[in-house]
Amino acid sequence: MRERLSFPPTVMTLDAGGTHFVFSAIRDAIEVVSPITYPSYADDLQRCLQTIIQGFEAVYAQLGNTASAISFAFPGPADYAAGIIGDLGNLPAFRGGVALGPMLEEHFNIPVFINNDGDLFTYGEAQYGLLPYLNHKLEKYGSQKQFHNLIGVTIGTGFGGGIVRNNELWSGDNGAGAEIWLMRNPLNEKWFAEESLSIRAVTQTYYQLAFENGYNKLQPFDIFQIAMGRKAGNQKAAVKAFELVGEALGFVIAELITILDASVVIGGGISNAAPLFLPKTMEVINSCYESVQGKQVPRLESKIVNLTNERALKEILQQTGNLIEIPFSTKKVSYNPLKWVGIGTTILGTNKAVALGAYAFAVYQLNKITSAGLRS
């Protein structure tokens, strides 16, 4: 009989790529099986769906025929709450709406949860990565402040994001929350943000600035090596390519923090080049607007701290505030007027954060199911 509501639950997961599917399972935030990889058969829907079932069946067998749920990230557009996948770019067989979640629920007779990878990346970092890391630091320095919200951005093949609010994944009324790839691009008013925040953006910009032909011969890692002086090439163009990433990212993050007042974690392959783009990002975020009277107005109300800079983080953590008197009383209360949030890179690694996010989301949903059952 299939396990349904035991805790910690066993959750089967899937890393869905355009070329390969990797199946696994997690219990208590630890991978508990040997991952299984199958081709995705991206152009053949029937074969693709059969492969997904076959992959989960293989993991299920490794688990001794017991699992509580299936939870994974899958490309969009999609109605994630309903588990229905729309027309996909990297899996062209998916057209016209495919009821992937209901198919798996019917086959395995357990709950199935599907989300966007940007959402699950953020949720994983909120539960097991950057957010607990930051809160642990605050406790260590005796601060009463704790963070409960997190913005996630991923820069890789595309530009994605997610929002965690009060430790819950926030996806909006249509499951289209945090589709930040469509935010305004400050480098070109006709572009959307992803055109400057992706793998293709780095390579295209490098070749344009270097006045070289051969687009796609170099990958962002090669351009990173050139920028760091470790590989032959146009170093000035390589450095500028990443600075432009930082400039566009700074604009997007500033807009997000203005609305959400939360710390930010950066993931995706390009996040490894943070030493090259993050200083520019911080420069943009910490810039000023100008009033009609010519007065400089800080772009954000809160102070933004670069969490990859240990010295800067330590300085902010040491500012624990002071005690102030309660009027007409002999008592005092703690007061710290400093408002701040941090920006850092992934603690877990992007792929692990997505997997743990999928697990944490399943645990959260299974707890809701259990609570509802107890109330009824």
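Of the chymotrypsin sites (Phe, Trp or Tyr not before Pro) found in segment 303-376, those in coil by DSSP whose Cβ has at most 15 other Cβ atoms within 10 Å are PHE328. This ranking places VAL305, VAL202 by how few other beta-carbon atoms lie within 10 Å of each, fewest first, which gives VAL305, VAL202.
With N counted as the residues of segment 110-220, its alpha-carbon radius of gyration over 2.2 N^0.38 Å works out to 1.37. Each DSSP beta bridge with both residues in the chain is either parallel or antiparallel, and the antiparallel ones are about 65%. Would you please classify the overall shape of the chain from the alpha carbon gyration tensor, given that a ≥ b ≥ c denote the square roots of the eigenvalues, rounded means a/c under 1.5, and beyond that prolate means a/b larger than b/c while oblate covers the rest? It is oblate, given that a/c is not under 1.5 and a/b is not larger than b/c. Our coupling estimate for segment 79-86, obtained by passing each phi through the Karplus curve with A = 6.51, B = -1.76, C = 1.60 and θ = phi - 60°, is 9, 5, 4, 8, x, 9, 9, x Hz, Gly and Pro reported as x. For segment 284-316 and segment 1-60, write down the distance between their C-alpha centroids in whole Å. If you average the Cα positions of each part, the centres end up 44 Å apart.
For segment 202-335, relative contact order (Cα pairs under 8 Å, six or more residues apart, normalised by length) works out to 15 percent. Within the chain, the whole DSSP H helices whose Cα atoms reach 20 Å or more along their own axis and whose mean Kyte-Doolittle score is at least -1.0 are 45-62, 235-260, 350-375. Taking each DSSP H run with n ≥ 4 as -39500 (n - 2.57) and averaging over every residue of the chain yields -12000 deg cm²/dmol at 222 nm. Restricted to Cα atoms, segment 64-165 shows a radius of gyration and a Dmax of 17.3, 55 angstrom.
For GluC sites (Glu not before Pro), the sites in segment 294-376 that DSSP calls loop and that have at most 11 other Cβ atoms within 10 Å are GLU301. Given labels modelled 7 Å from the Cα in the Cβ direction, how far is it in nm from LEU338 to ASN65? With each label placed 7 Å out from Cα toward Cβ, I get 5.9 nm. Amide H to amide H distances under 5 Å link LEU88 with PHE94, where only residues 5 or more positions off or on other chains count and H is placed in the peptide plane.
No lab work stands behind these numbers, since they all come straight from the coordinates. Treat the numbers as computed from the prediction; the structure is a model and nothing was measured. Neighbour counts are summed over all protein chains in view; Cβ atoms, including those assigned to glycine, are modelled from backbone coordinates with ideal geometry.
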